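Encoded as structure tokens, the structure appears first; notes follow it.
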Amino acid sequence: MGIVNVSADIAHHTLGMAWKVGWALVLGFAISGAIQAFISKARIAEHLGEVNLRSVLLASGFGAASSSCSYAAASMSKSLYRKGAHIVTATAFLFASTNLVLEIGLVIWVLLGWQFVAAEFFGGALLIAVVTVLLNWVAPRRVFAEARRHLERVETEAHHHEHGGQSLPLRSILTFKGVRAMARYYDMDFRMVGKDIVLGLVISGTLAALVPREWWATLFFSGQSGGHPDFWVSVENAVVGPLIAILSFVCSVGNIPLAAVLWNGGISFGGVVAFIFADLVTIPMILVYRRYYGWRPALVYSGYLLITMVVTALMVEYVFRWAGLAPETMSLSAPGIEQMDYFSWDYTTFLNLVILPMGAWLAWMGRRKSGATGHAHAGH
């Protein structure tokens, strides 16, 4: 009976997390498909191919307007990079789409409070500034050249270039030909990383069901009660926060309940911020980067992202302390992830009912085209 109950809990959390992020995945991959189908490589290279204030702000604004979970954000960032965006602007988009969006801010406000909302948005902008410096002036360029070559080779092998690499005009976006082209890219992207997404959901659901919240608290040093921790405790917490995220988390909004658990358990303000940032360096996400860019570029890229997150979280903590905004005590009485109601009637349910059928239709359209290439060409 115990095994049955545990299995039911794992299934509940796994399916619940999938339900929470389903609409964002479909929307993100659909936007990625549109980028690949309708936006030319020359246009992307013109606006995002160089590193300057305008290009970084443009990529950040585009990301902030593309509310999505981590996997879909990585797909869109990959599409921009393949089309000619610089690794810095592609990463600015990636950080903005998972940290500068209204959806995650609302969830943080409910579970953690306004100080963490302010830290999320201030920290999101700071993440982009720090990663711009690291990737533009510190990171080895040859690694990212290797990543681009691997990406082009993988997508060519996956028959992404059935148009011979030519983008369709934007005016065809509402035509059957345009939708069919977008659907093909959408389906190929999902098939490329679908197994990794499922793996991430299963890992997160299993940890949510099996690991008690008290265990997480043993992984970090707690500061003195009623005050701020000293510097080295803050550093340890900012490092351990992302390590916990690497082991536990599936998507950008889904880790906020666990962040509240960690805050209750005694992790520092900066440690919580680092944990929230670390949605982009989880094991399933590294597997996605590996699929896109190859193993060596994926590990190097993830390493630079991790360094950026730790440094930025510490900067956020000390800026907020200086401004008198950092909370001193871990007094929040937030429910744990085991009490999360995944399937309540809310905006997630409404969006899933509207967007998931669209995603299924796009997948069908994409596979139908791929399986009927000869017929389609005969029709021309």
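Observations on the structure shown:
- Only helices (runs of 4 or more DSSP H) whose full extent lies in the range 79-183 are considered here, and the ones with at least 2 residues that are in contact with a Lys or Arg (Cβ under 7 Å, 6 or more places away or on another chain) and either surrounded by 15 or more Cβ atoms within 10 Å (Cβ to Cβ) or at pLDDT 75 or above (or both) are 141-157.
- Contact annotation: residue pairs with Cβ atoms under 6 Å, 6 or more positions apart or on different chains, pairing a residue in the range 355-377 that is within 19 Å of Glu155 (Cα to Cα) with a partner that is among the aliphatic types (A, V, I, L, M) and at pLDDT 50 or above, are Leu362/Ala183; Met365/Ala183; Gly366/Ala183.
- Residue under evaluation Cys251, criteria (1) surrounded by 21 or more Cβ atoms within 10 Å (Cβ to Cβ); (2) out of contact with any Cys (no Cβ under 7 Å at 6 or more places or on another chain); (3) at pLDDT below 70; (4) among the hydrophobic types (A, V, I, L, M, F, W, C), criterion not met: (2)
- Residues that are within 20 Å of Lys78 (Cβ to Cβ) and not charged (D, E, K, R) within the range 125-146 comprise Leu127, Ile128, Val131, Thr132, Leu134, Leu135, Asn136, Ala139, Pro140, Val143, Phe144, Ala145, listed in sequence order.
- Yes/no for Gly61 being of a type in the set (Gly, Ala, Ser), on the phi > 0 side of the Ramachandran plot and at pLDDT 85 or above: no
- Residue match in the range 301-318 (condition: farther than 23 Å from Leu151 by Cβ, in a loop (DSSP other than H, G, I, E, B) and acidic (Asp, Glu)): no
- Being modelled with pLDDT under 85 and outside any helix (DSSP H, G or I) holds for only one residue in Ser32, Ser67, and it is Ser67.
- The single condition among (1) closer than 21 Å to Ala147 by Cα; (2) of a type outside the set (S, T, N, Q); (3) within 14 Å of the chain's Cα centre (by Cα) that Ala59 does not satisfy is (3).
- Any hit, the range 191-207, residues being at pLDDT below 70, out of contact with any Phe, Trp or Tyr (no Cβ under 9 Å at 6 or more places or on another chain) and under 25 Å from Leu305 (Cα atoms): no
- Restricting Ala37, Ala45 to those that are surrounded by fewer than 19 Cβ atoms within 10 Å (Cβ to Cβ), of a type in the set (A, V, I, L, M), more than 19 Å from the chain's Cα centre (by Cα) and in a helix (DSSP H, G or I) reduces the list to Ala45.
- Here the condition is being in contact with a Phe, Trp or Tyr (Cβ under 6 Å, 6 or more places away or on another chain), modelled with pLDDT under 95 and not hydroxyl-bearing (Ser, Thr, Tyr); of Met330, Met309, Met340, Met358, it holds for Met330 alone.
The values are calculated or read from the model by the stated rules, or taken from the named source; none is laboratory data. Worth saying up front: this structure is predicted, and the values here are computed from it rather than measured. Here Cβ is always computed from backbone atoms with ideal geometry, including for glycine, and neighbour counts include all displayed protein chains.
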